[in-house]
Amino acid sequence: MNYQTFEHDVIVIGAGGAGLRAAIEAATQGATVGLVCKSLLGKAHTVMAEGGVAAALGNVDLRDNWQVHFRDTMRGGKMLNNWRMAQIHAQESPARVNELEAWGAVFDRTKEGKILQRNFGGHQFPRLAHVGDRTGLEIIRTLQDHAVHQKNIEVFMECTITHFLKEGNKICGAFGYRRVTGEFLFFKTKAIILATGGIGKSFRINSNSWEYTGDGQALAYKAGADLMDMEFVQFHPTGMVWPLSVKGTLVTEGVRGEGGILKNSKGERFMFRYVPPMFKGEFAETEEEAKRWLAGDKSARRPPELLTRDVVAKAINAEVKAGRGSPHGGVFLDIASQRDVETIRKKLPSMYHQFKELANVDITKEPMEIGPTCHYIMGGIRVDAETGAATVPGLFAAGEVAAGLHGANRLGGNSLSDLLVFGRRAGLGAAQYAKENSSIKADTKQLDTCATELLKPFNQKNGENPYEVMDQLQKMMDAHVGIVREEKELQKAIDSLAQLKSKVKNVKAAGDRTYNPGWQTCLDLENMLIVSEAITRAAMERKESRGGHTRIDYPESSAEYAKFNFVLRKKGEEMRVEKEPLPKMPAALEILIKEGTT
Amino acid sequence: MSEKTAKIKVFRGDEKGGEYKEYDVPLFEGMVVLDAIHHIQATADNTLAVRWNCKAGKCGSCGGEINGKPRLMCMTRMDTLPLDKPITVEPMKTFPVIKDLVCDVSWNFEINKKIPPFKPKAPLADGTWRFSQEDADRVQEFRKCIECFLCQNVCHVLRNHKKEEFAGPRFLVRLASLEMHPLDVEDRLSLIKEAFHIGLCNITKCCTEVCPEHITITDNAIIPLKERVVSRFYDPIAKFWQKLFAKNDVTK
């Protein structure tokens, strides 16, 4: 078997915000870094982030600080977050945003010339540094241009990692292939940082790109690492619902941040009816008050459209179920009646173009039709808050692929800050680990097995079409493990997953190894199955409703289930779900949450 | 049920050559060309190679030539194309074809590395900077670039095999975003003239026409850079003043 060999202290898999920030940090620490990504550099999912990056800079409202951000994040996560990650995140994100400015990012400005911040769901004060509605592009390009000037970073574009190698219990290498040539790649390394993003392709209606097939979660799971909180999948309340071609495509929360309102088919501004007990008294109670807030009256409370994503998505779902939906099965999102044409085009330019070009809708004149779309997973690889270390020595994770920061529901804007804060920390952690474990040697005996497994789809005689199997998996997950769940549906999903597993074993690739998307899909399917099973099994065990996890057979949150996270572990061929008690929060932070910060 | 269909002619092949294969695809509401390519890939031939990521015009992966015009496949609606004859979908022509609709665009990433990085002026005492939205606006236009490389694809200079000598519109836009950045103090003007050969651009504006982000590449980025080069290196009066005050030129 032929393969190319590369050796680096640290291998980073994924080159979105988290992977790039991790690579920059590890290289700065003196480690040599191999940065491996599934697409071209600069095309990762971070580019799709629109609304902004959350950091308590206090540039627009002086009342903001890390304590308020911490409190908002914990309450948004329905208290299931790792408190230490939420604290680190709130404390460090302002420095990470300012650092981007030092690297050339150009954020929108306040009148005083500081970085401007906008309102977003679940954030008490205007907190999201942004660039119109293309903040993710600004961040990925800034990091990309900074990274390519680091001497120690070698970039491997359009490469897929399919196997990890271990020496004893320690990570010592990775194996995969280069799409353009189909040739095999072997990376000798001391440490691996996973920054592969999410799992959205497990669902039919999603806002994610083809890359989002749970690769990092699956690789970590197979290597023996713990997955955690996998039942918490975020359905973003505002995806396009029409036309069919763009069903699921993201409509930024920035529309509501800039004043956009939600209406049902009767013209009612329904969110006033959906304020959960936890947030009672914190939101405007009349349209008049919401109007004053939009006009800048600081004594007025935020409009209920800015409740957290889990709450808004469930409200939209309920309105549609009650027969008050829009013609194409969503509700109306209206910014045209709230802001003038110039403001809309300045602050939401890509939304303007997206609707104009793909749906023939002018958002400065008419409302948009929107509905929930699978957007993000709060759960993922269980990591150490300080270093991003997973439970397998030598394995680190940061960004969406990691669990802990967001608990049961993520606040908008907390993802971009997550990437920066924990990308950097994972880079530090991995570089340090590599220094301390410089004697690790990779064993090449395992490579033949890896290659045989990789080539298996070419040797199937009457195998399945991988695209058909993927379609079946997505439709099944939409039907049984979607935004609203119950035991009998989840059981159906478990049964279907068993059938799909045997189909995935038989998927077939035609043609040769050069840039072959069919072959790639065969390989992606194995990962998609693992994460789909993890989501379903964890969802089955959590017999309550909390954040992104809603059970119609257990509609309330339960004090008992507030005490632990569910962890998924590989035991032989079996996936085990086990309870892990939540780490105890220090009293000083508990008081912050109970009493507020003012 | 009679299903409406369209005919698509897709280039299948590699650097050595290939052929155009015709496929029938079912039409649905709002369908874009990338949907048609995905349909062929999922049903007729799993090996059909195409790049894509966001499918919303934000990542710039799916550039190609549709009926001879450089476009993003994800932003080209089928109902804007004449459906009485086959729609032709081909890879970009300026770069070597790897397979089917996928080109080798690695040259662009090499050029990018040659651009001296952003270098900010000293911050205020609190470690941050101040600048106005008006100053931001000027470079934010350039920073909208999604690196689809359609501008590179239509550039006459690059098409005429001058890749070794000319940076191309994409990287002149990037250079403009650095040179006009309100905080940047690096001087790249001699490189823009000598290494990136801005003089080779003869302002046909083809790049501006194809930009899916509607960046005014020629008027707002290239021409102002050309003017800066002219006043630095060719204008005798400006040269005199520069010598006198040696302003903003950190290379001196």
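Quick note: the coordinates plus some simple rules give every number you see, no bench work behind them. Please read all numbers here as calculations on a predicted model, not as lab measurements. No Cβ is skipped: glycine too gets one built from the backbone with ideal geometry, and neighbour counts run over all protein chains shown.
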Förster radius 35 Å - calculated FRET efficiency between B:His156 and B:Phe109 (Cβ-Cβ, nearest 0.05): 0.95
Cross-link table A:Lys501/A:Lys543; A:Lys247/A:Lys346; A:Lys222/A:Lys570; A:Lys151/B:Lys162, entries beyond 18 Å C-alpha to C-alpha: A:Lys501/A:Lys543; A:Lys247/A:Lys346; A:Lys151/B:Lys162
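First measure r as the distance between the Cβ atoms of B:Arg130 and A:Lys461, then evaluate 1/(1 + (r/R0)^6) with R0 = 51 Å and state the FRET efficiency to the nearest 0.05.
E(calc), rounded to 0.05, equals 0.15.
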Projected label distance in nm at A:Ala95 and A:Asn437, using a 7 Å step from Cα toward the beta-carbon: 2.6 nm
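Below 14 angstrom from the Cβ of A:Phe232, what's the summed charge of the other residues (Lys, Arg +1; Asp, Glu -1)?
Taking every Cβ under 14 Å from that of A:Phe232, the sum is +4.
Quick test of the membrane-span-like rule: which DSSP H helices of chain A reach at least 24 Å along their long axis (C-alpha atoms) with mean Kyte hydropathy at least 0.0?
Span-like helices in chain A: A:517-541.
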Helix-only CD estimate at 222 nm, as mean residue ellipticity for chain B, using -39500 (n - 2.57) per DSSP H run (n ≥ 4): -8500 deg cm²/dmol
Exposure proxy ranking, count of Cβ atoms within 10 Å, fewest first, for A:Lys571, A:Lys222: A:Lys571, A:Lys222
Relative contact order (%) - criterion: Cα under 8 Å, at least six apart; region: chain B: 16 percent
In Hz, Karplus ³J(HN,Hα) per residue of the stretch B:187-198 (6.51, -1.76, 1.60; θ = phi - 60°; x = Gly, Pro): 10, 10, 4, 5, 5, 4, 7, 8, 9, 9, 6, 4
Candidate aspartates and glutamates - alpha carbon under 14 Å from B:Lys4, same-chain residues fewer than 8 apart omitted: B:Asp24, B:Glu29, B:Asp79, B:Asp84
FRET efficiency estimate (nearest 0.05) - Cβ-Cβ, A:Arg292 to A:Glu560, R0 45 angstrom: 0.60
Residues A:Phe566, A:Phe272, A:Phe156 arranged by fewest to most Cβ contacts within 10 Å: A:Phe272, A:Phe156, A:Phe566
Peptide A:351-358 - average C-beta neighbours from other chains (10 Å radius): 4
Straight-distance crosslink candidates among aspartates and glutamates, where the alpha carbon sits under 13 Å from A:Lys188 and sequence neighbours closer than 8 are dropped: A:Glu7, A:Asp9, A:Glu167, A:Asp443
For A:Phe187, net neighbour charge (Lys/Arg +1, Asp/Glu -1) across residues whose Cβ lies under 13 Å away: 0
Pair B:Ala44, A:Asn65: separation of 7 Å Cα→Cβ label points (nm): 6.5 nm
Extension gain, A:Arg576 back to A:Val341 (0.36 nm per residue minus Cα-Cα distance, nm): 79.2 nm
Residue exposure sequence - A:Glu99, A:Glu556 - by fewest surrounding Cβ within 10 Å: A:Glu556, A:Glu99
Proximal lysine pairs, the stretch B:5-103, alpha carbons under 16 Å, eight or more residues apart or interchain: 12
Helix-only mean residue ellipticity at 222 nm for chain A, each DSSP H run of n ≥ 4 adding -39500 (n - 2.57), per residue, nearest 500: -11000 deg cm²/dmol
Peptide-level mean, for B:123-135, of C-beta atoms on other protein chains within 10 Å: 4
Inter-chain Cβ neighbour average for residues B:29-35, partner chain, 10 Å: 4
